[in-house]
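Peer 1: Have a look at this one.
Values in this text are rule-based calculations from the coordinates and carry no lab data. All of these numbers come straight from a predicted model, not from anything done at the bench. Cβ: placed from backbone, ideal geometry, glycine included. Neighbour counts: every protein chain shown.
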Amino acid sequence: DKGNHRHFMAKEIYEQPEVVGRTLAHYLDMSAGRVALPFDLPVDAARLSRLTICGCGTAYIAGLMAKYWFERFALLPVDVEIASEFRYRDPPLDAGGLTILVSQSGETADTLAALRCAKAKGQKVLSIVNVASSTMARESDVVAPTLAGPEIGVASTKAFTCQLAVFAALALAIGRARGAIDGETEARLVSDLMAIPGLMAQALKCESAVEALARDIAKVRDVLYLGRGTSYPLALEGALKLKEISYIHAEGYAAGELKHGPIALVDGDMPVIVIAPTDAVIEKTVSNMQEVAARGGRLILIGDEALSHDFAGEAAASIVMPNVAPDFAALIYAVPIQLIAYHTAVVMGKDADQPRNLAKSVTVE
Ligand code: M6R
């Protein structure tokens, strides 16, 4: 049932405040201001020397984002791996270490093979899955569920943000176990997480601005997404989402890489969508935006009110986001990223729920 929406994808984008809230409530003790995992970790987190994360597509991108959190809050080195590469590479892994698999369906062939590969090397395996009865859930030492509910649209939306919610909670829990964050920091970050569902609901109000933008994007051949820090994986996610449902070629880049190649593409036609929450690296992102503007590029900004005000003269369009605490801003900024892809596909008359050549669950290698 699509409710009042034209597509499951739209419905699932709109469900995010609720399902992310539900998922967070499963992992946080909100009244105590602490993380409270609903399971015991299968390893002694204090003794871990590294963490491996594996997935495909959007689930892999969630893992890329989690790396920033595990490093920052748990001081834990992280390898994030595309499952189809990991499984054939024979990676050296310590017996007794931890591998986290991420998958909406819990059935993706390459991720399942990566799980079995990690297990065969003596790793403990934790899977973040949305389908609790899936093969990956059954074969894991510990299951960390995302409570997104069934995701029907082929393009992953609410499963992605729920994966991020679980990863954020895990990073804080492991950080506490390793003595990397104190109680006060944990309480502040938990309160930042608790604010997310309400901020996601506010972010959804950008929809009419996104619809206007989508009419322009629908006419182009290529789109570049840029971001730094956790906005870098979000740039990859924006590009993946756009190409999979609108068939427009898109690439996501770390903003600092602009000058190492993609700046050659900048012209008056190609939209350059910059994901720019106010965070520790915003000034660096701003200088990348200026580089694009100085070359006559078509700058599209996703940022807060202050930033869009500063770039009013230079940006071709701005999508304004509420002010958010920097560490988990990506969960809020995911909303316009998803809406841009969705509305562009709709304007172009594409079926956003059933893109050509793609299956919801990829059970072949
Ligand atoms: O079910 P999974 O999360 O394991 O699926 C992984 C990818 O196939 C999936 O995320 C795919 O990239 C999506 N269609 C992206 O929107």
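Peer 1: Just to be sure I understand the model, the point goes 7 Å from the Cα along the line to the Cβ. What's the resulting residue 222 to residue 188 distance in nm?
Peer 2: It works out to 4.2 nm between the two label points.
Peer 1: While we're looking at this one, here's another question. By how many degrees, 0 to 90 and rounded to 10, does the Cα axis of helix 57-74 deviate from the longest principal axis of the chain?
Peer 2: Helix 57-74 sits roughly 70 degrees off the main axis of the chain.
Peer 1: For the stretch 36-126, treating each Cα as an identical point scatterer without solvent, what Debye log10 I(q)/I(0) comes out at q = 0.11 1/Å?
Peer 2: Treating every Cα as an identical point scatterer, log10 I(q)/I(0) equals -0.27.
Peer 1: Count the DSSP beta bridges whose two residues both fall in the chain, then state the antiparallel fraction as a percent rounded to the nearest 5.
Peer 2: Working: 2 of 40 bridges.
Approximately 5 percent, going by the DSSP bridge assignments.
Peer 1: From the phi of every residue in the stretch 36-53, what ³J(HN,Hα) in whole Hz does the Karplus formula 6.51 cos²θ - 1.76 cosθ + 1.60 yield, where θ is phi - 60° and glycine or proline is x?
Peer 2: Using θ = phi - 60°, the values come out as 9, 5, x, 7, 8, 5, x, 9, 7, 4, 5, 9, 5, 9, 6, 10, 10, 10 Hz.
Peer 1: Bin width 5 Å, alpha-carbon pairs only: give the P(r) of the stretch 213-365 as whole percents, running from 0 to the bin holding the largest distance.
Peer 2: Answer for the stretch 213-365: a P(r) of 2, 10, 20, 23, 20, 13, 7, 3, 1, 0 percent.
Peer 1: Report relative contact order for the stretch 191-338 in percent, whole number only (criteria: Cα-Cα under 8 Å, sequence separation at least 6).
Peer 2: Relative contact order for the stretch 191-338 comes out at 28 percent.
Peer 1: Which one of 147, 109, 76 has its Cα pushed farthest toward the positive end of the charge dipole of the stretch 30-157, where Lys and Arg give +1 and Asp and Glu give -1 at the Cβ?
Peer 2: Checking the options against the dipole of the stretch 30-157, the answer is 76.
Peer 1: Size of the stretch 178-230 along its principal axes in angstrom, Cα-based, largest extent first?
Peer 2: Taking max minus min along each principal axis of the Cα atoms, the stretch 178-230 gives 51, 23, 10 Å.
Peer 1: Here's something else I'd like to know. Taking the Cα centre of the stretch 1-146 as origin and charging only Cβ (+1 Lys, Arg; -1 Asp, Glu), how large is the dipole, in debye to the nearest 20?
Peer 2: In debye, rounded to 20, the stretch 1-146 gives about 60.
Peer 1: Compute the normalised compactness of the stretch 60-208: alpha-carbon radius of gyration over 2.2 N^0.38 Å, N being the residue count.
Peer 2: In units of the globular-protein estimate, the stretch 60-208 measures up at 1.09.
Peer 1: Give me the distance between the Cα centres of the stretch 301-365 and the stretch 114-171, rounded to whole Å.
Peer 2: What the calculation gives is 24 Å, centre to centre.
Peer 1: For the stretch 1-58, which chymotrypsin sites (Phe, Trp or Tyr not before Pro) pass both filters: DSSP loop (anything but H, G, I, E, B) and at most 14 other C-beta atoms within 10 Å?
Peer 2: Hits after loop and neighbour filter: 39.
Peer 1: In addition: What does the net charge come to around residue 256 if you take all other residues with beta carbon closer than 10 Å to its beta carbon, with K and R at +1 and D and E at -1?
Peer 2: +2
Peer 1: Let me ask something else. GNM on the chain, C-alpha springs below 10 Å: top fluctuator among 162, 54, 206?
Peer 2: Sorting by GNM fluctuation, first place goes to 206.
Peer 1: Could I ask something else about it? Residues in the stretch 279-303, backbone N under 16 Å from the label point at residue 309 (7 Å along the Cα-to-beta-carbon vector): list them, ranges by number please.
Peer 2: Output list for this probe position: 303.
Peer 1: Under a GNM of the chain (C-alpha, springs under 10 Å), which listed residue has the highest mean-square fluctuation: 175, 198, 97?
Peer 2: Highest fluctuation among the options: 198.
Peer 1: For the chain, count the residues as N, evaluate 2.2 N^0.38 Å, and divide the Cα radius of gyration by that value, please.
Peer 2: The reported ratio for this selection is 0.95.
Peer 1: I would also like to ask the following. How compact and how long is the stretch 133-222, expressed as Rg and Dmax of its alpha-carbon atoms in Å?
Peer 2: My reading of the Cα-based Rg and Dmax gives 18.1, 52 Å.
Peer 1: Now for a different question. List the trypsin sites (Lys or Arg not before Pro) within the stretch 210-287 that DSSP assigns to loop and that have no more than 13 neighbouring Cβ atoms inside 10 Å.
Peer 2: When the trypsin sites (Lys or Arg not before Pro) of the stretch 210-287 are filtered for loop state and at most 13 Cβ neighbours within 10 Å, 219, 221 remain.
Peer 1: For the chain, with only Lys/Arg (+1) and Asp/Glu (-1) charged at the beta-carbon, what is the dipole magnitude about the Cα centre, in debye rounded to 20? Each step should come with its number before you reach the end.
Peer 2: Working: 34 positive and 43 negative charges, 106 e Å.
The calculated dipole for the chain is roughly 500 debye.
Peer 1: Compute the acute angle (0 to 90°) between the alpha-carbon long axis of helix 16-27 and the principal axis of greatest extent of the alpha-carbon atoms of the chain; round to the nearest 10°.
Peer 2: Roughly 20 degrees between the two axes.
Peer 1: How much FRET efficiency would the formula 1/(1 + (r/R0)^6) give for residue 249 and residue 195, where r is the Cβ-Cβ distance and R0 is 35 Å, rounded to 0.05?
Peer 2: After rounding to 0.05, the efficiency reads 0.45.
Peer 1: Return the distance in nm (one decimal) between the two label points of a simple spin-label model at residue 90 and residue 119, each offset 7 Å from Cα along Cα→Cβ.
Peer 2: Placing both labels 7 Å along Cα→Cβ, they lie 2.2 nm apart.
Peer 1: In the structure displayed, which of 67/360; 2/243; 2/360; 2/124 lie more than 29 Å apart, Cα to Cα?
Peer 2: On the way: 67/360 25 Å; 2/243 23 Å; 2/360 17 Å; 2/124 39 Å.
Cα-Cα > 29 Å for 2/124; rest within.
Peer 1: For residue 48, what is the net charge nearby, where nearby means another residue's Cβ is under 11 Å from its Cβ and Lys, Arg count +1, Asp, Glu -1?
Peer 2: In short, +2.
Peer 1: Right, next: What percent does the relative contact order of the chain come to when contacts are Cα pairs within less than 8 Å and at least six residues apart?
Peer 2: So the answer I get is 19 percent.
Peer 1: Taking the convex hull of the alpha carbon atoms in the stretch 1-78, what volume per residue do you get, in Å³?
Peer 2: Cα convex hull per residue, to the nearest whole number: 147 Å³.
Peer 1: In degrees, nearest 10, range 0 to 90: what is the angle between the Cα axis of helix 329-347 and the longest Cα principal axis of the chain?
Peer 2: Between the helix axis and the principal axis of the chain, the angle is about 50 degrees.
Peer 1: Calculate the translational D of the stretch 291-345 in whole µm² s⁻¹ from Stokes-Einstein, where the hydrodynamic radius comes from the Kirkwood formula applied to all Cα pairs, the temperature is 10 °C and the viscosity 1.306 mPa s. Don't skip to the answer; put the middle values down first.
Peer 2: Details: Rh = 12.2 Å.
In µm²/s, the coefficient is 130.
Peer 1: Taking springs between alpha-carbon atoms closer than 10 angstrom, which of 217, 152, 275 fluctuates most in the Gaussian network model of the chain?
Peer 2: Top of the fluctuation ranking is 152.
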